[in-house]
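Let me begin by presenting the structure, written as structure tokens, before commenting on it.
The values are calculated or read from the model by the stated rules, or taken from the named source; none is laboratory data. Bear in mind the structure is a predicted one, so any value in this text is a computation, not a measurement. Neighbour counts are summed over all protein chains in view; Cβ atoms, including those assigned to glycine, are modelled from backbone coordinates with ideal geometry. Just so you know, the surface numbers come from the protein's heavy atoms only, side chains and all, with ligands and any DNA or RNA stripped out. Shrake-Rupley method; radii C 1.70, N 1.55, O 1.52, S 1.80 Å.
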Amino acid sequence: MIQSSSQSEGREKVRPMVSIPFMLLGVLFCVCLIAANLLETKQIRLGPLELTAGLIVFPVSYIINDCMVEVWGYRRARLIIWLGFAMNFLFVVFGLVADALPGAAYWKGEVGFHAIFGLAPRICAASFIAFLAGSFLNAYVMSRMKLHSDGGRHFSYRAIASTLAGETGDSLVFFPLALGGIVPWEVMPLLMINQVVLKTAYEVIALPVTIRIVRFLKNLEGEDVYDDGISYSIWRISDI
């Protein structure tokens, strides 16, 4: 069957709902979340501070979140946040199932495997709730600050403020839910402050790179979304 020229032209003008750069950033976002889960099982020392190795990669998810909101807006970022949640949840479920299966008689790695994949339900639940709270708070602050900016200026301030808000929300949820009653309550505030300060400092150090990435994406995509009049409900996933 021969298509008419008008039909062909019409089909050529149809644009995909998401672009390749958006898709690649979404994949990287999911990889960072899953990697952070694995790296959290190792304790590291940075000078006088004892932290988890998840600090290496988890703040990258907030940088990606900032880029998403700045270029494509809150609605696209909401889609990626839920996608990251789903992929992370699926990974944890697979890990728990594998950990529950009996190991082969000749296999000697049971203890190490359980230490990485045998996450306590309390830790899992706290991690998932904290991720959603922190990520959506980060995206919301970034979006609202851009609306009230002078023509989109001062990206650096928005990036730092949104990360500070998101990391604070994440810590306020995660530490009490996951470690309440395990870590002394008098120690908890210092742990939370250390996490927030270090992860926000990570954002500040990475800002020169983040700014260049945002400029590149805006020029490449021809997008610079302002979230005027949108719904900030976290449940409207199909609204992109």
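Please determine whether any residue of the range 142-159 is among the aromatic types (Phe, Trp, Tyr) and surrounded by fewer than 21 Cβ atoms within 10 Å (Cβ to Cβ).
Within the range 142-159, one or more residues are among the aromatic types (Phe, Trp, Tyr) and surrounded by fewer than 21 Cβ atoms within 10 Å (Cβ to Cβ).
Residues in the range 191-240 that are basic (Lys, Arg), surrounded by 12 or more Cβ atoms within 10 Å (Cβ to Cβ) and assigned to a helix (DSSP H, G or I): how many?
The number of residues fulfilling the criteria is 3.
List every residue pair whose Cβ atoms sit under 9 Å apart, with the two residues 6 or more apart in sequence or on different chains, where the first one lies in the range 97-108 and is in contact (Cβ under 8 Å) with a residue 12 or more places away in the chain and surrounded by 10 or more Cβ atoms within 10 Å (Cβ to Cβ) and the second, anywhere, is of a type outside the set (Phe, Trp, Tyr) and in a loop (DSSP other than H, G, I, E, B).
ASP99/GLY118; ASP99/LEU119
Could you please tell me which pairs satisfy a Cβ distance under 8 Å, a separation of 6+ or placement on different chains, a first residue in the range 185-201 that is more than 14 Å from ALA165 (Cα to Cα), and a second residue that is open to solvent by 30 Å² or more (accessible area, probe 1.4 Å) and at pLDDT 80 or above?
The qualifying pairs are MET188/PRO176.
Which condition number does ILE63 fail, the rest of (1) free of Cβ contacts under 8 Å to residues at least 40 places away in the same chain; (2) in a helix (DSSP H, G or I) being met?
With (1) free of Cβ contacts under 8 Å to residues at least 40 places away in the same chain; (2) in a helix (DSSP H, G or I) applied to ILE63, the lone miss is (1).
Tally time: how many residues in the range 125-153 are in contact with a helix residue (DSSP H, G or I) (Cβ under 8 Å, 6 or more places away or on another chain) and outside any helix (DSSP H, G or I)?
The qualifying residues number 2.
In this structure, is ARG76 of a type outside the set (Asp, Glu) and buried (at least 20 other Cβ atoms within 10 Å of the Cβ)?
yes
Restricted to the range 116-136, and to residues that are modelled with pLDDT under 90 and either hydroxyl-bearing (Ser, Thr, Tyr) or open to solvent by 70 Å² or more (accessible area, probe 1.4 Å) (or both), which residue is nearest to CYS30 (Cα to Cα)?
SER127
Return the pairs, sorted by first residue and then second, in which the second residue is open to solvent by 30 Å² or more (accessible area, probe 1.4 Å) and among the hydroxyl-bearing types (Ser, Thr, Tyr), the first residue lies in the range 22-43 and is within 13 Å of GLY95 (Cβ to Cβ), the beta carbons are less than 9 Å apart, and the residues are 6+ apart or on different chains.
So the pair list comes out as ASN37/SER127; GLU40/SER127.
For every residue, the table says whether it meets (1) open to solvent by less than 80 Å² (accessible area, probe 1.4 Å); (2) at pLDDT 80 or above; (3) acidic (Asp, Glu); (4) not in a helix (DSSP H, G or I).
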site: GLY10; (1), (2), (3), (4): yes, no, no, no
site: MET17; (1), (2), (3), (4): no, no, no, yes
site: MET23; (1), (2), (3), (4): no, yes, no, no
site: GLY26; (1), (2), (3), (4): yes, yes, no, no
site: CYS30; (1), (2), (3), (4): yes, yes, no, no
site: ILE34; (1), (2), (3), (4): yes, yes, no, no
site: THR41; (1), (2), (3), (4): yes, no, no, yes
site: ARG45; (1), (2), (3), (4): no, no, no, yes
